[in-house]
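FYI, it's all coordinate maths here, none of it is from the lab. Quick caveat, the model's predicted, so the values are computed rather than measured. Cβ: placed from backbone, ideal geometry, glycine included. Neighbour counts: every protein chain shown.
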Amino acid sequence: MANWPFRHGVHDIGNGIYGYVQPDGTWGWSNAGLIVSAGETLLVDTLMSRSLTREMLRDFARVPGGDRIDRLVNTHANPDHFVGNGLIEGAEIIATHETAAEMKQFNPRQFASLADNWEKMGDAGAFLYETMGRKFDWSDLDSVAMPTRTFERCLSLTVGDKQVDLVDLGPAHTASDTIAWVPQDHVVFTGDLLFNEGHPIIWDGPVENWIAACQYIIDLAPAVVVPGHGPITDTGAVANLKGYFEYVRDEARARFEAGLGWKDAGRDIDMGAYDGWTDPERIVANVFALYRQWGAPIPPEDGRDLFGEMGRYSREKTLQKECGCQTGSGHAH
């Protein structure tokens, strides 16, 4: 697989197209992009905080034509792809109807208050604070700029001399997941439909939609793929993620049919082929999503404690590595 160097900052893809990459690509460390053509610009996503977005905009201002943003597209409604929207003054903000609706439910004060409240929230609070609370600056965020233009399924834009096709391939990762495809340059910005060498997380699903989205991106035959997280790459990474979902779906299904609960199933699946991928705790969230999709009776408190369960899984994995233990039999019970 042809990964580009995993280096922080602007990557010049060529012909006025740029990626912005944030190692290590784990919780909150997302990517973005910029398309510049004939005096017009389109920004693909902002970042997890205003301070991070401000730094990105300063870096983009150094590329030809990148000192002004005319339009912004938010690929989906996770905060690490839209929290910095308010810094793009005067720009048209574009998203699907579903993404815009989901964005309106976001309350930045919940993250800002984690520093004071996480200990009262048990394991879920501890994991939230560790992954997204203490690592990001929430101090100057009272509100988030919302989309000013919405669309359904597809929208073709003209950015200078370039055509940019916005295509909603969700629900998958979230309720709506938009890619930005630049056909004449064979470049696609995937949003979080691609986590490159990191475990993805199914917030909405169904998994079949995400598998189909991977195939859609592969069929576009892009030369360059800018993922939502991880290094810039090619379609090999998309094929790897498609294989991940097919593997996890089939392994989880066997355990579901054998009567194993979702927590035990997530721990029982042998993820050895993906040992090098970041955020391994997301396997339990993905198995939870699959069991929910298949109609398993799951208590509401399990859903509310999903971050707590991921935190416990993460601690278990750390202890197992320290003692040299192995997990995951690779067999359904």
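Pairwise Cα distances in the chain exceed 28 Å for 40 percent of all pairs.
Each residue, Ala223 and Ala296, gets one label point 7 Å from its Cα in the Cβ direction; the gap between the two is 4.5 nm. Dividing the summed helix terms, -39500 (n - 2.57) for each DSSP H run of n ≥ 4, by the number of residues in the chain produces a 222 nm estimate of -10000 deg cm²/dmol to the nearest 500. When +1 charges are put on Lys and Arg Cβ atoms and -1 charges on Asp and Glu Cβ atoms, the dipole computed for the chain relative to its Cα centre reaches about 280 debye.
Do any chymotrypsin sites (Phe, Trp or Tyr not before Pro) in region 226-333 lie in a DSSP loop with no more than 15 other beta carbon atoms within 10 Å, and if so, which?
Details: sites: Tyr244, Phe245, Tyr247, Phe256, Trp262, Tyr274, Trp277, Phe288, Tyr291, Trp294, Phe307, Tyr313; in loops: Trp277, Trp294.
Those that pass, being in a loop and sparsely packed, are Trp294.
Relative to one another, the C-alpha centroids of region 38-79 and region 288-322 are positioned 35 Å apart. Taking the DSSP beta bridges with both ends in the chain, the antiparallel portion is around 65 percent.
Please report the net charge: other residues with Cβ closer than 15 Å to the Cβ of Ala254, K and R +1, D and E -1. Please report the intermediate quantities before stating the final value.
Values: positive: Arg249, Arg253, Arg255, Arg267; negative: Glu246, Asp250, Glu251, Glu257, Asp264, Asp268, Asp270.
Its environment carries a net charge of -3.
For Ala61, what charge total do you get from the other residues with a beta carbon under 15 Å from its beta carbon, if Lys and Arg give +1 and Asp and Glu give -1? Neighbourhood net charge equals -2.
For the pair Ala212 and Thr148, the difference between a 0.36 nm per residue extended length and the Cα-Cα distance amounts to 20.1 nm.
Assuming R0 = 25 Å, can you tell me the calculated FRET efficiency for the pair Lys104 and Glu130, based on Cβ-Cβ distance, to the nearest 0.05? Present the calculation step by step, with values, prior to reporting the outcome.
Numbers: r = 27 Å, r/R0 = 1.09.
Once rounded, the FRET efficiency stands at 0.40.
Using only side-chain charges placed at the Cβ, +1 for Lys and Arg and -1 for Asp and Glu, the dipole size of region 149-278 relative to its Cα centre rounds to 200 debye.
Here the chain is scanned for GluC sites (Glu not before Pro) in DSSP loops (not H, G, I, E, B) that have at most 12 other Cβ atoms within 10 Å, and the longest stretch holding none of them is 153-333.
Can you tell me how much longer the chain between Gln163 and His97 gets when fully stretched, taken as 0.36 nm per residue apart minus their C-alpha distance, in nm with one decimal?
Numbers: separation 66, 0.36 × 66 = 23.76 nm, distance 2.15 nm.
Extra length available between Gln163 and His97 comes to 21.6 nm.
In this Cβ point-charge picture (+1 for Lys and Arg, -1 for Asp and Glu), region 254-323 has a dipole of about 80 debye about its Cα centre.
Largest mean-square fluctuation among Gly311, Gly170, Gly90, in a Gaussian network model of the chain whose springs join Cα atoms under 10 Å apart, belongs to Gly90.
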